[in-house]
Amino acid sequence: MKFFENFKFNNFFSKKKIDEDLLNQFEELLIESDVGTEIAADLKEKFKKEKIGKEIKDEREVFNFLGEQISKILNPYEKKLDNLYKSSPSIIVVAGVNGVGKTTTIGKLGKLFKDNGKKIVFGAADTFRAAAIEQLELWSKKIGADFVKSDIGTDPASVGYKTAKFAEDNKSDLAFIDTAGRLQNKKNLMEEYKKIFTVLKKINPEYPHETILVLDATTGQNALNQVEEFKKISKLTGLIVTKLDTSAKGGILLAICKKYGLPIIAVGMGEKESDLHSFSSNQFAKMLVKN
């Protein structure tokens with residue numbers, strides 16, 4: 001991924017003195033990259049204090065500056081994957097709209113914990129799509145996880161209930177509950193999503209231990225709307241961002257962290273099992289600014 005490749009940072013500052021006009025253009029380019037107006041203005045001011053009136057001999061100076069600042073902004077929002085496991089069972093609901101890679105992300109999470117000796121169960125609470133149930137079942141077979149499902153059209157909350165009870169009865173370490181990719185403007189579907197939490201808390205007030213929202217980096221500013229709507233239903237405890245390998249819009253993570261203060265658990269860089277990585281602000285910043 002080349003975060004700034006579409007915004008022509010290369011040679012933008014080369015052999016030029018930094019003045020107000022150039023700083024304003026710098027700010028506009030940052031806004032286009034989805035970091036948000038507040039962070040763009042802040043980065044502009046920091047860059048101004050450091051470089052105003054000086055000659056930029058190499059654009060790497062700009063990239064190094066941006067990398068350092070992005071890492072500082074995101075560092076407080078790192079959340080290690082290992083922290084998802086609280087106790088046995090740890091009940092984890094995974095949310096997100098259609099097409100973000102939610103079910104695949106669950107499969108990858110399951111594999112990571114399975115490889116570390118944990119007993120895993122997947123719950124297919126996306127009962128509106130046969131393909132979602134089938135995909136999750138394939139993942140369960142692939143990694144050796146237990147699997148809980150019901151017929152198409154079954155109340156999703158009942159699958160969530162069955163999954164949590166299965167995890168308790170079978171001494172599972174982690175239970176990952178897949179949910180339908182609801183559109184935020186579909187009130188009835190969001191009500192179905194809400195019922196999952198109501199049912200889980202009847203089993204144990206501490207359930208779920210985690211509610212993870214999966215976001216597609218390519219959606220840019222729309223990701224903010226998704227966070228806003230899903231957090232209305234249940235407290236979100238972390239984000240996983242997918243498709244960063246194909247997106248020049250990764251700056252949206254800065255905007256989300258600034259506005260909502262949500263931790264980032266992991267980033268998805270591709271379709272392979274090994275392409276889900278714990279989030280590192282330093283590595284992420286380096287990836288964003290490389291060219």
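At-a-glance table
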quantity: Residue-by-residue Karplus 3J(HN,Hα) for the stretch 133-147, coefficients 6.51, -1.76, 1.60, Hz, glycine and proline x; calculated: 5, 5, 5, 5, 5, 4, 4, 4, 5, 5, 9, x, 9, 6, 9
quantity: Percent RCO, i.e. relative contact order, over the chain, from Cα pairs under 8 Å lying at least 6 residues apart; calculated: 27
quantity: Between the stretch 270-291 and the stretch 74-138, the alpha-carbon center distance in angstrom; calculated: 19
quantity: Beta bridge orientation in the stretch 81-289: antiparallel %, DSSP, nearest 5; calculated: 10
quantity: Mean projection area, nm², convex hull over Cα of the stretch 81-289; calculated: 10.6
quantity: Helical contribution to [θ] at 222 nm, DSSP H n ≥ 4, -39,500 (n - 2.57), averaged over the chain, rounded to 500; calculated: -14500 deg cm²/dmol
quantity: Efficiency of FRET between N282 and S150 - r from beta-carbon atoms, R0 41 angstrom, step 0.05; calculated: 0.40
quantity: D34 long-range amide H proximity, modeled H, under 5 Å; calculated: none
quantity: Computed label-point distance, nm, for sites D19 and E273 using a 7 Å Cα→Cβ extension; calculated: 5.9
quantity: Label point at N204 placed 7 Å out along Cα→Cβ; residues across the stretch 79-109 whose backbone nitrogen lies under 17 Å; calculated: 83-94
quantity: Degrees between helix 187-203 axis and first principal axis of the chain (Cα, 0 to 90, nearest 10); calculated: 60
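Quick note: the coordinates plus some simple rules give every number you see, no bench work behind them. What you see is a predicted model; the values in this text were computed from it and never measured. With ideal geometry, Cβ positions are generated from the backbone for all residues, glycine too; neighbour counts draw on all protein chains shown.
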